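Novice: I'd like to ask you about the structure that follows.
Coordinate-derived values only; no laboratory data. It should be emphasised that the depicted structure is a prediction, and the values quoted were computed from it without experimental measurement. No Cβ is skipped: glycine too gets one built from the backbone with ideal geometry, and neighbour counts run over all protein chains shown.
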Amino acid sequence: MTRIDRRCALLATAGAIALAGCAGVPLRTLAQLRTVRPDDLLAAGAREFGVALELDARVKTAAGRVPVVDLALRPVDEAAFQPVILVLACAAEPASPRELGLRAARPGRHWLVYRLAEDSARDLAVAQATIRDARDRNLRGTLTVGVRTDWIAEVYPVAVGSEASTWVRMKRSEGFFELWSGRLPPLPART
């Protein structure tokens, strides 16, 4: 985008814990993220956007539990346009990880792969139209996209502390790239 702030930060999160200082973001991903721009999100196929998780093999899909993609477009000048804040639910991807171009999972691990649910894909398309409009009007804003996987620690406490990685695909033709890797944190303490 011309004027929409080029601070398109893709931040992976696990639960409500923000990864301070991009901890857990692989170096090769940092280099790739430096080139990601809002135009890349505009070019993303709403029906092609995908999330892949490489996890401990004991973690399985759980009914009603899926990754959530948080997307927020906020204006620099509050009067410029209404912020767009979306919580985009995912749905299981029927294609196999191999068909999607993902490498074989490491021993003791496997892939859980998702795409945006139909309602979420429509919401992303609406958000893309808002971003295009803001760009065409030379308005400035910030765009953040994150992936939450807090359900894993809740449903599979045995997985807390195990290695995990989050991969994202914006376009099927470009495949997935690793967004975050690290150890699954416990659920935040409730007060």
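Novice: Return the sequence-ordered ³J(HN,Hα) values of segment 68-82 in whole Hz as given by the Karplus equation 6.51 cos²θ - 1.76 cosθ + 1.60 applied to θ = phi - 60°, using x for Gly and Pro.
Specialist: Whole-Hz 3J(HN,Hα) from phi for segment 68-82: 10, 9, 9, 10, 9, 10, 10, x, 5, 9, 3, 7, 5, 6, 6.
Novice: Hey, what's the per residue convex hull volume over the C-alpha atoms of segment 54-97, in cubic angstrom?
Specialist: Hull volume over Cα atoms, normalised by residue count, gives 124 Å³.
Novice: Taking the Cβ-Cβ separation of D70 and H110 as r and a Förster radius of 35 Å, what is the calculated FRET efficiency to the nearest 0.05?
Specialist: It comes to 0.90.
Novice: Express in whole angstrom the spacing between the alpha-carbon centres of segment 124-180 and segment 47-65.
Specialist: With segment 124-180 and segment 47-65 each reduced to a Cα centre, they are spaced 14 Å.
Novice: If you take the Cα atoms of segment 107-191, find Rg, then find the Kirkwood Rh from the mean of 1/r over all pairs, what is Rg/Rh?
Specialist: 1.06
Novice: Could I ask something else about it? Projected area of segment 47-168, taken from the Cα convex hull and averaged over every viewing direction, in nm²?
Specialist: So the Cα hull casts an average projection of 8.7 nm².
Novice: Can you bin every Cα-Cα distance in segment 146-191 into 10 Å intervals starting at zero and give me the percent of pairs per bin, rounded to whole numbers?
Specialist: 24, 44, 24, 7, 1
Novice: Here is a further query. Return the loop-located trypsin sites (Lys or Arg not before Pro) in segment 142-191 (DSSP other than H, G, I, E, B) with at most 14 other Cβ atoms within 10 Å of their own Cβ; answer none if there are none.
Specialist: Hits after loop and neighbour filter: K171, R190.
Novice: To continue, here is another question. Of all GluC sites (Glu not before Pro) in segment 87-175, which ones are in loop regions per DSSP and have a Cβ with at most 11 other Cβ atoms within 10 Å?
Specialist: E99
Novice: May I ask you to derive the relative contact order of segment 47-191, considering only C-alpha pairs under 8 Å and at least 6 residues apart, and to give it as an integer percent?
Specialist: 35
Novice: Another one. Are there trypsin sites (Lys or Arg not before Pro) in segment 52-85 that DSSP puts in a loop and that have at most 15 other Cβ atoms within 10 Å, and which ones?
Specialist: When the trypsin sites (Lys or Arg not before Pro) of segment 52-85 are filtered for loop state and at most 15 Cβ neighbours within 10 Å, R58, K60 remain.
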